[in-house]
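Right, one structure below, let's go through it.
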Amino acid sequence: MGRPTRGELEAEIARLGDEVTGLSDELAGVRGELAERDERLAKLEKLVEELRRRGKRQSAPFSKGDPALAPARSGRKAGDAHGRHGHRPVPPNVDRDLDAPLPECCPGCGGDVEFERWAEQFQTELPDPAPVVTRFRIGVGRCRSCRRRVQGRHPEQTSDALGAAAAHLGPKARGLGHWLHYVLGLSFAKTARLLAHLGVPVTAGALSSGAQSTGLALVPTTMAIEKAVDASPAVVMDETGVRHEGARIEWLRRSEGLVVT
């Protein structure tokens, strides 16, 4: 095989030159992308550091950063088309009517005042808490045949306990306490304080004990619900997740208990 001619060498040199030029352009593009990536990484690191420091500052925990150069004007926009006007609806029922007549003279200058019309205003207020205390007079006796102790019971009674345990909370007061604790999330201590403010003195321990007895009373209802669910042709999963032992995420699923997903 003979040596390449001068023209072939020049063509090969030209081809290699074009390839080097393309690789150089590709390298420049890669360097540009790396520079942009480094710049974005630096901005993200600065943002993370700022968020970390902001979380440790107790003087301004709700700071939103630097103020805007041209902040928007606060309040409603001018003109008629600035959104819906919200107002409290008029109560459907009125329990009492009070009149506020005109004064005999103008409070500013003392002149006579001419009546024009009646206007209406509505005010909804809660009544003063007034607990109702019921005393049951319970008949206590003994069977003449078997000498067994017998006592009466009124339909409104919630317990048969007497003596030191003769004072109880009514079902409405107990229900309110359970609702405050289990629905609104108040502790038993705060629930006791609120009930005392309403005129029903009770301790946090009494509320806790009452909640346990109420839970035991709901066992038959829970078992009936589980039986009905087991007998159903189809059961829809409740997408309610809980954390077991503070770590594993689990799902609540009828009578089988907690199922790890």
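The values are calculated or read from the model by the stated rules, or taken from the named source; none is laboratory data. Not measured: the values here are computed from a predicted model. Glycine also receives a Cβ, built like all others from the backbone with ideal geometry; neighbour counts cover every protein chain displayed.
One table, with the values for the structure above:
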quantity	calculated
Extreme residue, modelled with the lowest pLDDT, among residues of region 105-141 that are loosely packed, with under 10 Cβ neighbours inside 10 Å and within 30 Å of Gly152 (Cβ to Cβ)	Ala130
Residues of region 165-175 that turn out to be in contact (Cβ under 8 Å) with a residue 24 or more places away in the chain and among the hydrophobic types (A, V, I, L, M, F, W, C), as a count	2
The one condition in (1) under 30 Å from Gln123 (Cα atoms); (2) at pLDDT 85 or above that Glu39 fails to fulfil	(1)
Residues of region 160-210 satisfying the condition of being of a type in the set (Ser, Thr, Tyr) and either under 23 Å from Ala130 (Cβ atoms) or in contact with a strand residue (DSSP E or B) (Cβ under 9 Å, 6 or more places away or on another chain) (or both)	Thr191, Thr203
Residue in region 78-104 that is farthest from Leu126 (Cα to Cα), counting only those that are at pLDDT below 90 and surrounded by 10 or more Cβ atoms within 10 Å (Cβ to Cβ)	His82
Residues satisfying the stated conditions in region 141-189, i.e. among the polar types (S, T, N, Q) and closer than 17 Å to Ala211 by Cβ	Thr158, Ser159, Ser187
Filter result for Gln157 (touching an Asp or Glu at 6+ places or on another chain (Cβ under 8 Å) and surrounded by 10 or more Cβ atoms within 10 Å (Cβ to Cβ))	no
Failed item, numbered, when Val200 is tested on (1) under 25 Å from the mean Cα position of the chain (by Cα); (2) assigned to a loop (DSSP other than H, G, I, E, B); (3) hydrophobic (A, V, I, L, M, F, W, C)	(1)
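Yes/no matrix, rows are residues, columns are (1) in contact (Cβ under 8 Å) with a residue 12 or more places away in the chain; (2) touching a helix residue (DSSP H, G or I) at 6+ places or on another chain (Cβ under 7 Å):
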| position | (1), (2) |
| --- | --- |
| Ala119 | no, no |
| Ala130 | yes, no |
| Arg148 | no, no |
| Pro155 | no, no |
| Gly163 | no, no |
| His178 | yes, yes |
